[in-house]
């Protein structure tokens, strides 16, 4: 809201004077009213809190006094008087009388103690003054009444009763009435029967002496009321307890409180109530086992007594506010004149500057911000022209930067390998980059203006169209959707599609950006991955099949050898012997196939240990030396000295060496040479085992496939295609590698490398 519109056409001086006066009186009125309300609420809340605190203190003192009397009576019943009901003599009763008298001297509350038998007969009585004790053995001294009230108690329970009786003297004198609280403590026999009761009578005036305890500034009426509205204590009748405890009491709770207040006080709960200009705070007393029912303590304070300081505070606010208003109004008029004079000078300077004139320094001497404003205004006028020229240069620079950024974006768009297209809201092409021309065969002139679905020959299904629209609505973009698109010439091919909306400043969609990436290479890699997985599954099934064939083949081989031996002994059936040799050879070949399958499919579970490669090569060379000699092949072993040991499985490494040497023997013609060598790699912490031959070598196009399972270059079905696959599997389990190279003099070189520092590495099993 513009407060200037609240006034007619006035000068700044008049407005400032009115504003200063308003700013003075309005906050003053608001503060005074707010302070009055807050003070009233605070005083009332403080009063309620203080009343509750006072009642808590009064309740604690009253309950403590009553519990103290109960403990004294319980002690007398348990330790002194109760045992006398079972077995006693006159000396024991006299000793008990002295003990009770001692307790009277220590406690001003308890004044009389009785022992009553189960038949109501008074057996023992001690009092601290002559109040009419009654004769021992008398049945008319209240004993039968006490026995009757105690008969409903259970073991461990006691009872507190309000009792009034008259002192010896004038029966018509109300002051001779003594109000007491009688504590009944039953004494139980071994069989659970009540032998009698011990009764302790305490002065009610002493028990309830703490009821009026409280803050001295909160004067009011205090009362103690039992169930049914019977007043046990009242401020106005505290000197006449008989009138309170008697059923014909002169004090009436209903006449003092409203029906709402009576219901609240007799509810048995604690609380504070504001009724009829009075604050009523009430609290229940926790009188365990009390025979007078629920007892409530209440206190009444008049609200009018609390409002007097609030009214005094209001009068102080009004008087002080009037004085402040007069002072502020006078100062407002003076300040308005002082403040507006420099403003008028500044206005004239602005008008002169607007007309294009040169601004002379403004002479404003106020020794405050207005003087600084005049100086700043002069500096601003001089710097305005300079800033305008700098701004023009900045605009030109930013324009060049935008042009360069636009050129860079055009280059990125133009030379991106992906197909990038800009579409309008209808799906027609507006931008077509060079990547799109290369990928789909359409030039930009052919593509612009055509619908993207017609251009790419996209017969997208209803499901794909709905998916794209749902992703655009939900996530604002479609990212890397795998689908197919067709070029200008050729068959559809797999692509990865990303589409996102282009929005204006108001968030409205004005088009779409479309990025299409050729996914044929990735699809090919995925196909190779699936083929590898099929190879893995085949190897697992082959290993299982080898397990099933191993035992039957062993039996067949054994039977064939037995039959050969029998035929040699009889020297008959030469043709049959030849047939058995053929069967034996093929059986042995099947045994070798199953052995290689098991070696390829099984994981090496033996514990790793230090392995000396030179020792392994010596052992394997000694085993195969005869084989090379039989085939007419020269075999040479070249072992490097001081070769470090590796950590691995010695049996598995022997298998690698045997397979490589046997393959070299099969590939080397008679008169050739096979070499087994070991050495340490100087550039890497590795040791290498090399097996070279002088055979025909391995063509380059087959070097990647020779380590695949079941691939072999041997003729006449002599190879199983598992030897090199087993070697690669063992090398990878040892965190090593195997590869093949062409030898310098012809033939092939198989090299296996093993890392040296394997002591801190885990024994791993690579997938076959």
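We did not get these values from a lab; they are worked out from the coordinates using the rules stated. Bear in mind the structure is a predicted one, so any value in this text is a computation, not a measurement. Reconstructed Cβ throughout: ideal geometry from the backbone, glycine too, with neighbour counts over all protein chains shown.
Listed values, structure above:
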| quantity | calculated |
| --- | --- |
| Difference of contour (0.36 nm per residue) and Cα-Cα distance, residue 627 to residue 394 | 74.9 nm |
| The stretch 391-469 - convex hull of alpha carbons, volume per residue in Å³ | 132 Å³ |
| Two-site label geometry, residue 343 and residue 523: point separation in nm, points 7 Å out along Cα→Cβ | 7.9 nm |
| Computed FRET value (nearest 0.05) for residue 212 with residue 105, which takes r as the C-beta separation and R₀ as 30 Å | 0.65 |
| Cα extents of the stretch 618-705 along the three principal axes, largest first (Å) | 36, 34, 22 |
| Computed FRET value (nearest 0.05) for residue 324 with residue 37, which takes r as the C-beta separation and R₀ as 22 Å | 0.60 |
| Computed E for residue 732/residue 576 - FRET, C-beta separation, R0 51 angstrom, nearest 0.05 | 0.60 |
| Over the stretch 416-518: Rg over Rh, Cα atoms, Kirkwood Rh | 0.95 |
| Within the stretch 62-106, backbone nitrogen closer than 17 Å to the virtual label 7 Å beyond the Cα of residue 191 toward Cβ | 85-87 |
| Sorted by Cβ density within 10 Å, fewest first, the residues 331, 456 | 331, 456 |
| Difference of contour (0.36 nm per residue) and Cα-Cα distance, residue 612 to residue 638 | 7.9 nm |
| Neighbour-count ranking [beta-carbon atoms within 10 angstrom, fewest first] of 504, 557 | 504, 557 |
| Fewest-first ranking of 121, 618, 87, 398, using other Cβ atoms within 10 Å as the exposure measure | 87, 398, 618, 121 |
| Gained length - residue 465 relative to residue 448, 0.36 nm times residue gap less alpha-carbon distance | 3.9 nm |
| Cα-projected label distance for residue 568 with residue 708, points at 7 Å along beta-carbon direction, nm | 4.3 nm |
| Computed label-point distance, nm, for sites residue 363 and residue 513 using a 7 Å Cα→Cβ extension | 6.5 nm |
